[in-house]
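Let me begin by presenting the structure, written as structure tokens, before commenting on it.
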Amino acid sequence: MNYTKTLLSVLSILISIHLMGQNEDNKVKVKFSGFIKSDIYHDSREVVAARDGQFLLYPKNELFDDMGNDINKVSNFNMLSIQTRLKTVVTGPEVLGAMPTGVIEAAFLGNKNTDINSLRLRHAYINLNWTNSSLLVGQTWHTFMITECYPGTVSFNTGAPFMSALRNPQIKYTHRFGSISLVAAAMSQLDFTDAGPNPNNGEPESSSVFLRRAGIPELSIGVQYKKEFGASNAFHAGAFLSYKQLLPRQSITRNNTTIKLTEKVKATSFMVYAKAFTKPVTVKTQLTYGQALQSNLMLGGYGERVIFDPNNHSRPIGIQYAPTNTLSYWLDAHTNGKTIQAGLFAGYTENCGSDKELDTYYMRGYDIKYVYRVSPRVIYNVNKFRLSFEMEYTAAGYNNDVIDKRDRINTTKEVGNIRFLGGVYYFF
């Protein structure tokens, strides 16, 4: 792929839109924004991460050679600027009695490690805003990712795997009753997907097909409360419930017998959050308890067990699924100084296993009991320039014994990683 040609094409389109926005007759306004960011980081050992190690989830487990040396105990260093971001906001004349807004946002992360530095679509949606309601159609944050209440970490992981950090194509309706809003959304998947068996070889793969062929989108409802107390104090809180179905297999073959399958994974998740803003300090927190949360960049997934005819143990008659349960919570606090800000993030997540005995699992963190993280940070702002530093300690409790058929881990060995991260920004 010619990345230079792609970038020039995108810039040409943006300039054309901008010139259209200068025409007073069509009343279209276009605003550009974004930032240039470079990350410099060092890890004390190998980690499970995406994008050349930038999006860190947790440290890799110990892996010993014949001499008893931990192969994964090796430090890593890297510098990347792939978070650099472009955003366009378009507003125009009234539509159906609503004020329309269009948003396009892209970064240079690519969709996988092999195409880093290529443009990746982050947000692309149209929002129709009436006096007391709004209708959003397009790709944006999952309802569990609250833009007013997410960690202010320097790290691009933004608190993952302790919170949902995914974007979904969706239709979302919001109705406001003063300080209270009711939200309902139907979502599909694209970049952030669940895992399942490859139909050709049975190996695990991540794909949106498992949600698509279940026949219904992921459904989410929620309530939000926002209240301001004077010019410098505010409180936000809310809760969301989500439900999705997956159809991992359409058929299964065992011992020369093939049968059609219609069984689905059924997963329900709940999230509650709160944010308190005062002039000197802001405190945010969130708790999630959910099922099959792999697509949310959290621990979890689901498992399966083939059911055989009790009178003929070699003949399959069906399949049984069960999601794994995940508990997660985090707290983030930071000062609100204009020039210097100090902050601290702390998070904990636990693999609670499944409710049924299963044979095969498709999930993130099958051999992990828990993960926790503590990361203090300091941010220095001067006009549009920002210099930031963060030390991130992440530890994972890996299985140290036999994992039972419900993916419940009784004894663990803890493996930790220290990341030192520096970020340099310029906003525009």
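The values are calculated or read from the model by the stated rules, or taken from the named source; none is laboratory data. Being a predicted model, the structure only gives us computed values, none of them experimental. Reconstructed Cβ throughout: ideal geometry from the backbone, glycine too, with neighbour counts over all protein chains shown. Calculation scope for accessible area: heavy atoms of the full protein, side chains included, ligands and nucleic acids excluded. Shrake-Rupley method; radii C 1.70, N 1.55, O 1.52, S 1.80 Å.
Which of the residues belonging to the stretch 386-400 are within 19 Å of residue 156 (Cβ to Cβ), open to solvent by 10 Å² or more (accessible area, probe 1.4 Å) and more than 21 Å from the chain's Cα centre (by Cα)?
386, 387, 389, 391
Kindly indicate whether residue 140 is under 22 Å from the mean Cα position of the chain (by Cα), buried (at least 19 other Cβ atoms within 10 Å of the Cβ) and part of a strand (DSSP E or B).
Taking the combined requirement at face value, the residue satisfies it.
Taking only pairs six or more apart or across chains, which ones have beta-carbon atoms under 8 Å, a first residue in the stretch 395-411 that is touching a residue at least 40 places away in the same chain (Cβ under 8 Å) and over 21 Å from residue 73 (Cβ atoms), and a second residue that is open to solvent by less than 30 Å² (accessible area, probe 1.4 Å) and of a type in the set (Val, Ile, Thr)?
407/324; 409/368
Since residue 200 meets every condition but one in (1) closer than 23 Å to residue 186 by Cβ; (2) outside any strand (DSSP E or B), which condition does it not meet?
The number of the failed condition is (1).
Out of everything in the stretch 152-197 that is assigned to a strand (DSSP E or B) and among the charged types (D, E, K, R), what residue ends up being farthest from residue 122 (Cα to Cα)?
176
Can you tell me which residues in the stretch 253-287 are within 16 Å of residue 308 (Cα to Cα) and either surrounded by 19 or more Cβ atoms within 10 Å (Cβ to Cβ) or of a type in the set (D, E, K, R) (or both)?
254, 260, 263
State all residues of the stretch 186-199 that are open to solvent by 10 Å² or more (accessible area, probe 1.4 Å) and over 13 Å from residue 246 (Cβ atoms); if no residue qualifies, say none.
Answer for the stretch 186-199, where residues must be open to solvent by 10 Å² or more (accessible area, probe 1.4 Å) and over 13 Å from residue 246 (Cβ atoms): 186, 190, 191, 192, 198, 199.
Restricting to the stretch 305-324, give me the number of residues that are open to solvent by less than 10 Å² (accessible area, probe 1.4 Å) and either within 23 Å of residue 367 (Cα to Cα) or among the polar types (S, T, N, Q) (or both).
2
If I filter the stretch 351-369 down to residues being open to solvent by less than 40 Å² (accessible area, probe 1.4 Å) and not hydrophobic (A, V, I, L, M, F, W, C), which single residue comes out as farthest from residue 249 (Cα to Cα)?
351
Give all pairs with beta carbons closer than 8 Å in which a residue from the stretch 54-73 that is within 26 Å of residue 155 (Cα to Cα) meets a residue that is surrounded by fewer than 11 Cβ atoms within 10 Å (Cβ to Cβ); count only pairs at least 6 apart in sequence or on separate chains.
If the second residue must be surrounded by fewer than 11 Cβ atoms within 10 Å (Cβ to Cβ), the pairs left are 71/65.
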